[in-house]
Amino acid sequence: MLFLLALLAAEALPSQVQMESALREAVSAACPKSHVALDPDLTRACQSYVSAVADGRASVSGNAVSFFASLESYEPAPMAGVATVSPPSNADRAIAQLIPPACHFNRAGIAAATDASGQAVACVLVADHSTDLARIPGRVRSGDSINVSGTLGEGLSKPRIFVTRPNGEVEEIALESDRLLAVISLREKGEHSIEVLADSASGPQVTALRRVFAGVAPPDKPPKLALAGTGLARVEALISQLRAAHGLPALQRDAELDEVAAGHSREMVRLKTFAHVLPTDGTVGDRLRAKGWAFRSVGENIGLSDDAASAHEAIANSPAHLANLLDPRHRRLGLGTARGPTADGGEATYLTEVLASPIIGSKDPVGAVAKEILKQRTVKGLPELTRDPMLDYVAGHEVRASAMQDNSHPRPGATSRALAEEPNLESAVVELYVASAPDELDGSKSLAEPQWTRLGVGAIYASSKQFGPGRLWVVLIYAR
């Protein structure tokens, strides 16, 4: 009996405290210059995952871990590590193998459980945490409101908050200033996705992504997705599974983006250079503009390995590339491979993934722009603006001339021409913007100035050597 008890103790699963201690030791050894904090949300996600594996509701896979992370945490792209260990008493010894070697993380969560076969399943989640948000509950009653408040990370500014409603409608939540503070009403029953974007040196960045279920229970197991096929078909399925695990819609495959991706892969082979920017084809934005593909958002991932699937696996293990795959703004996908020599003399498959969202033009761009400007004035609690037909006429003339000249600044004398058409006006100001959609005009400088009483709008879609195809050119004239 004593021997049996000793054997059971030797094979017992390490406690949560022991697992967390092992995590600290592994991080200290592998990443001695890093300061990593234990994160309760990521820990709770790992605990939910290993419990689901033990109950047979989830498989042993990184995508399954990511699914539970999307239910418990607002980190937009945490990295997952998972392993099966036998005997269970060795679960804490596997931790060092589950930590990303690049050490680009400052938060971590961990848990372990024993599955039906008697093996231990160990889970580690890490994230490069920057933006701090007050806790957002993942489950509320239909009709409840939630508060979103916090502090942006270093190097981030100009926060914007978007909510994807259960019916798929995307709504931007107005902020009174550059503070990250808003109250969001969850009036519909179902899943709402809350996204926080901020400006960084490299462009807009998704800093937080939270799934909130109003009046319905969250799912308790990852969605099923068949991963049949090989090559690019399998890569597409893996991307769809990854996005589904985070509550994001699948990306629509786009033939033109496929051509762009394949062309860049071939060019990397030709130059024996593995890079996003090449001297011959420029950036991914340059390649899309050359193709005449008008985009609101664009991202690119590249991978190099023996085949397309393993190249994608390397991509998904990079936080920056993973963030591209999970960017909620993207709607289309292009994939392309080429096989050839590498810089070190070997041979490999070059994979390019292009993720983008197209510009979809309005049939009435003037009306759409005016509606957005007037709505923003109301949101800010400012006096209404009256549309002025003569100012519309001047704004229309100015925007056509500016687009034809590919000039992104108001033309000299534009203000004088506006005042000449309306002699009873005291003053006016003219602003010109080149945008992707009307909702990008909330940065209009004069929008928040209460002295203006009249508005003129000119808007057309036009291509530009400077800004690319299908851009929305807008002239706004504020006057009183």
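The values are calculated or read from the model by the stated rules, or taken from the named source; none is laboratory data. All figures in this text were calculated on a predicted structure; none of them were measured in a lab. Cβ sites come from the backbone with ideal geometry, for glycine too, and all protein chains shown count toward neighbours. Note: areas computed on protein heavy atoms with side chains; ligands, DNA, RNA excluded. Shrake-Rupley method; radii C 1.70, N 1.55, O 1.52, S 1.80 Å.
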**Residues (of a type in the set (A, V, I, L, M) and within 21 Å of the chain's Cα centre (by Cα)) located in the stretch 264-299** = Val284, Leu288, Ala294, Val298
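Can you confirm whether the stretch 188-204 contains a residue that is at positive phi, surrounded by fewer than 21 Cβ atoms within 10 Å (Cβ to Cβ) and in contact (Cβ under 8 Å) with a residue 12 or more places away in the chain?
yes
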**Item:** Which numbered condition Asn424 fails, given (1) within 26 Å of the chain's Cα centre (by Cα); (2) surrounded by fewer than 18 Cβ atoms within 10 Å (Cβ to Cβ)
**Value:** (1)
**Complete:** Given (1) within 22 Å of Ile194 (Cα to Cα); (2) open to solvent by 30 Å² or more (accessible area, probe 1.4 Å); (3) in contact with a helix residue (DSSP H, G or I) (Cβ under 8 Å, 6 or more places away or on another chain), Ala116 misses just (1)
**Fill in**
Residues in the stretch 326-382 that are β-branched (Val, Ile, Thr), farther than 17 Å from Tyr478 by Cα and touching a strand residue (DSSP E or B) at 6+ places or on another chain (Cβ under 7 Å) total 6
**Message:** Suppose we filter the stretch 76-87 for residues that are farther than 29 Å from Ser130 by Cβ, assigned to a loop (DSSP other than H, G, I, E, B) and not hydroxyl-bearing (Ser, Thr, Tyr); how many remain?
**Reply:** 1
**Item:** Residue under evaluation Val140, criteria (1) closer than 28 Å to Lys380 by Cβ; (2) crowded, with 17+ Cβ neighbours inside 10 Å; (3) modelled with pLDDT of 90 or more; (4) among the β-branched types (Val, Ile, Thr), criterion not met
**Value:** (2)
**Request:** May I ask you to list the residues in the stretch 340-361 that are under 21 Å from the mean Cα position of the chain (by Cα) and more than 17 Å from Ala316 (Cβ to Cβ)?
**Result:** Ala356, Ser357, Pro358, Ile359, Ile360
**Prompt:** Give me the pairs: first residue in the stretch 45-57 and aromatic (Phe, Trp, Tyr), second residue buried (at least 19 other Cβ atoms within 10 Å of the Cβ) and part of a loop (DSSP other than H, G, I, E, B), beta-carbon distance under 7 Å, and six or more apart or on different chains, which are they?
**Reply:** Tyr49/Ala58
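Please enumerate the residues belonging to the stretch 38-75 that are among the polar types (S, T, N, Q), over 20 Å from the mean Cα position of the chain (by Cα) and part of a helix (DSSP H, G or I). Talk me through it step by step, then tell me what you get.
Step one: of the stretch 38-75, the residues among the polar types (S, T, N, Q) are 43, 47-48, 51, 59, 61, 63, 66, 70, 73.
Narrowing further to those that are over 20 Å from the mean Cα position of the chain (by Cα): 43, 47-48, 51, 59, 61.
Of everything in the stretch 38-75, those that are among the polar types (S, T, N, Q), over 20 Å from the mean Cα position of the chain (by Cα) and part of a helix (DSSP H, G or I) turn out to be Thr43, Gln47, Ser48, Ser51.
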**Asked** In the stretch 443-466, which residue that is in contact (Cβ under 8 Å) with a residue 60 or more places away in the chain and hydrophobic (A, V, I, L, M, F, W, C) is farthest from Thr378 (Cα to Cα)?
**Response** Ile460
**Message:** Pairs please, first residue from the stretch 132-151 and of a type in the set (Lys, Arg), second anywhere and in a loop (DSSP other than H, G, I, E, B) and open to solvent by 60 Å² or more (accessible area, probe 1.4 Å), Cβ atoms under 9 Å, 6+ apart in sequence or on different chains.
**Reply:** Arg139/Ala217
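Look at Asn106 and say whether it is in contact with an Asp or Glu (Cβ under 8 Å, 6 or more places away or on another chain), among the polar types (S, T, N, Q), closer than 21 Å to Val196 by Cβ and surrounded by fewer than 19 Cβ atoms within 10 Å (Cβ to Cβ).
Yes; evaluated as a whole, the condition is true for this residue.
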**Fill in**
Scanning the stretch 448-472 for residues that are assigned to a loop (DSSP other than H, G, I, E, B) and in contact with a Phe, Trp or Tyr (Cβ under 8 Å, 6 or more places away or on another chain), the one least open to solvent (accessible area, probe 1.4 Å) turns out to be Trp452
**Request:** Restricting attention to the stretch 129-152, report how many residues are hydrophobic (A, V, I, L, M, F, W, C), part of a loop (DSSP other than H, G, I, E, B) and within 19 Å of Ala77 (Cβ to Cβ).
**Result:** 2
**Request:** Show the residue pairs that are 6+ apart or on different chains and have beta-carbon atoms under 8 Å apart, the first residue being within the stretch 95-107 and within 21 Å of Ala120 (Cβ to Cβ) and among the polar types (S, T, N, Q), the second being open to solvent by 60 Å² or more (accessible area, probe 1.4 Å) and part of a loop (DSSP other than H, G, I, E, B).
**Result:** none
**Message:** Between Val475, Val430, Val434, which is in contact (Cβ under 8 Å) with a residue 60 or more places away in the chain and assigned to a strand (DSSP E or B)?
**Reply:** Val475
**Request:** Pairs only if they're at least six apart or on different chains, beta carbon under 7 angstrom, first in the stretch 155-177 and under 22 Å from Ala201 (Cβ atoms) and open to solvent by 50 Å² or more (accessible area, probe 1.4 Å), second of a type in the set (Ser, Thr, Tyr) and not in a loop (DSSP other than H, G, I, E, B); list them, first residue then second.
**Result:** Gly155/Ser200
